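What follows is a single structure, written as structure tokens, with notes after it.
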Amino acid sequence: MTKPSPQPKANRALAALVKQCDTLLRTAEIGDYSGAANGLQVQNAGTVSKIAAAVDASLATAQMAVDVGADLLLVHHGLFWNSRQPWTGQNYELLRLLMAHNLAVYSSHLPLDAHPQLGNNAQLCSALGLKKPTPFFPSHGQPIGLQCRARLSREELGQRLARATGAPPKLIPAGPALCRRIGVVTGGAGGDLKLAAAAGVDTFITGEGPHWTYALAEELGLNVFYAGHYATETFGVQALAAWLSQKHHLPWVFLDHPTGL
């Protein structure tokens, strides 16, 4: 967990922050999985004095947000991918925690992936030193990833990925040793290697993929870096929280709760 940004204490209207996030991220326009429920997922009493950002919404990250005194939790993976009925056991504990501590939850999945400046893909490309990214990899009606032209050795790209994410990536070295066209789709896009290869990239960076993709990458002649689903998606929520913090002079903190996956 990073230290909170040194901003003065203030209170801002939750509705105003939500409207700005929805507009910035084009929440109503970007297609997504049916369970994503992008936008405000849990409201609070109406004001925000401190923002917490996390990759995943869970009982653990909600408790971390409460512990640092946040009243708005920004997440990439929200609460409603699977049914949360009935509200018993862990579901009840999560609901009770949110209500008792006035903690709102705002989630943005593919809209945050796709954003050209604050998105996970844009931020990871920047961290890797990749220039002039262009849209790539259609999903749910729009491109969500980015591709860049470069002249980077596979080894150097792996080293940059390790520095950006904090851990060495898993590599399928099935493409050229010199990477000239690199596609980036954070998260779990490993099952769609054919889609990446069809776009003409020789190297594909994503978070994770199934076992069988090793043989597929060899068939396609495609370098594949699996840099971790969690690790590749820490960028967007931090960029969004920093943007809101600067706009509203609100303190924010990143809640690091890695899955190792």
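Once the piece of chain linking S83 and A127 is laid out straight, how much longer is it, given 0.36 nm per residue of separation minus the C-alpha distance between them?
Numbers: separation 44, 0.36 × 44 = 15.84 nm, distance 3.57 nm.
Here the answer is 12.3 nm.
Once phi is turned into θ = phi - 60°, what whole-Hz ³J(HN,Hα) does the Karplus curve with 6.51, -1.76 and 1.60 give for every residue of the range 175-181, x standing for Gly and Pro?
Those phi angles translate into x, x, 5, 9, 7, 10, 9 Hz.
Which loop chymotrypsin sites (Phe, Trp or Tyr not before Pro) in the range 162-261, with loop taken from DSSP, have no more than 14 other Cβ atoms within 10 angstrom of their Cβ? Write out the running numbers ahead of the final one.
Details: sites: F204, W212, Y214, F225, Y226, Y230, F235, W243, W252, F254; in loops: W212.
Answer in residue order: W212.
With θ set to phi - 60°, apply the Karplus curve 6.51 cos²θ - 1.76 cosθ + 1.60 along the range 252-261 and write out the HN-Hα couplings as whole Hz, x wherever there is a Gly or Pro.
Taking θ as phi minus 60°, the curve returns 9, 8, 8, 9, 8, 10, x, 9, x, 10 Hz for the range 252-261.
Once you put a point 7 Å from the Cα of A177 and another 7 Å from the Cα of Q43, both along the Cβ direction, what distance in nm separates them?
6.1 nm
Return the whole-Å distance between the Cα centroid of the range 217-248 and the Cα centroid of the range 13-89.
The range 217-248 and the range 13-89 have Cα centres separated by 18 Å.
Length gain on complete extension for the stretch Q159 to R26, per 0.36 nm per residue less the alpha carbon to alpha carbon distance?
Numbers: separation 133, 0.36 × 133 = 47.88 nm, distance 3.37 nm.
Stretched fully, the Q159-R26 segment lengthens by 44.5 nm.
Please work out how much length the chain gains when fully extended from L59 to T259, using 0.36 nm per residue of separation minus the C-alpha to C-alpha distance, in nm with one decimal. Walk me through the intermediate numbers first.
Working: separation 200, 0.36 × 200 = 72.00 nm, distance 1.40 nm.
Contour length minus Cα-Cα distance gives 70.6 nm.
Please report the antiparallel percentage of the DSSP beta bridges confined to the range 121-261, to the nearest 5.
Roughly 70 percent of the beta bridges in the range 121-261 run antiparallel, per DSSP.
What whole number of Å gives the distance from the Cα centroid of the range 131-153 to the Cα centroid of the range 176-206?
9 Å
No lab work stands behind these numbers, since they all come straight from the coordinates. Remember, predicted model here, so these are calculated numbers, not experimental data. Heads up, the Cβs are rebuilt from the backbone with ideal geometry, glycines too, and the neighbour counts pull from every protein chain shown.
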